[in-house]
Amino acid sequence: MLRSVLRVRSCSSLGRASLCPLVVPSVPPAALPVWRMLSQPLSNGSSRPEDDEGRRLYVGNLPWNMSADDVAYEFETSGEIVNAHLPRDQEGRSRGFAFVTFSSADEANAACDEWNGRSLGGRQIKVRLASPRGTPPPPRGGGE
């Protein structure tokens, strides 16, 4: 079994043929399309924030006891949810905000209009289009 997962090949660093940690899945040819689909991340292969631009919402001031599944459940009335992410601190506690990615920008905009300022779990949540990481958020008003 191990030899079917690890292939014998020449390792350039060792200069001789040996077992190298090259993982090769043993998938029958007929199952390759299914295997490719299952190996893709939940976000339709989108791993870069710019791919989600216009479809990803920032949801702030969430109740501390909410999970990513709870957030997705609440927002699914506004459209098809592709991904919901609730960041946690090192102790595993919610940080009080989440990112929800919709299948289209239109659904995300509609959800933003519908949910911003709405009460969820006794707290008034803030919903806006998420900015790419490293980009400052829009101004909050006030000041001069």
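Summary table below
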quantity: Among residues of region 88-107, those that are open to solvent by less than 20 Å² (accessible area, probe 1.4 Å) and either in contact with a Pro (Cβ under 6 Å, 6 or more places away or on another chain) or at pLDDT 95 or above (or both), counted; calculated: 5
quantity: Residue tally, condition out of contact with any Pro (no Cβ under 9 Å at 6 or more places or on another chain) and within 18 Å of N61 (Cβ to Cβ), over region 108-123; calculated: 9
quantity: Selected residue (criterion: surrounded by the most Cβ atoms within 10 Å (Cβ to Cβ)) from residues of region 69-87 that are closer than 15 Å to S104 by Cα and among the acidic types (D, E); calculated: E76
quantity: Whichever residue in region 53-64 is modelled with pLDDT under 95 and over 14 Å from the mean Cα position of the chain (by Cα) and, among such residues, is nearest to R118 (Cα to Cα); calculated: W64
quantity: So P136, is it part of a loop (DSSP other than H, G, I, E, B) and without any contact (Cβ under 8 Å) to a residue 24 or more places away in the chain; calculated: yes
quantity: Subset of region 130-139 (residues that are surrounded by 13 or more Cβ atoms within 10 Å (Cβ to Cβ) and over 17 Å from L62 (Cβ atoms)); calculated: S131
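Conditions (1) in contact with a Ser or Thr (Cβ under 9 Å, 6 or more places away or on another chain); (2) in contact (Cβ under 8 Å) with a residue 60 or more places away in the chain; (3) more than 11 Å from V127 (Cβ to Cβ), marked per residue:
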residue: L57; (1), (2), (3): yes, yes, no
residue: G60; (1), (2), (3): no, yes, no
residue: M66; (1), (2), (3): yes, no, yes
residue: E76; (1), (2), (3): no, no, yes
residue: Q90; (1), (2), (3): no, no, yes
residue: F97; (1), (2), (3): no, no, no
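The values are calculated or read from the model by the stated rules, or taken from the named source; none is laboratory data. Model, not experiment: these values are computed from the prediction. Don't worry about glycine lacking a Cβ; one is built from the backbone with ideal geometry, like all the others, and counts go over all protein chains shown. Surface accessibility is based on the protein's heavy atoms, side chains included, excluding ligands, DNA and RNA. Shrake-Rupley method; radii C 1.70, N 1.55, O 1.52, S 1.80 Å.
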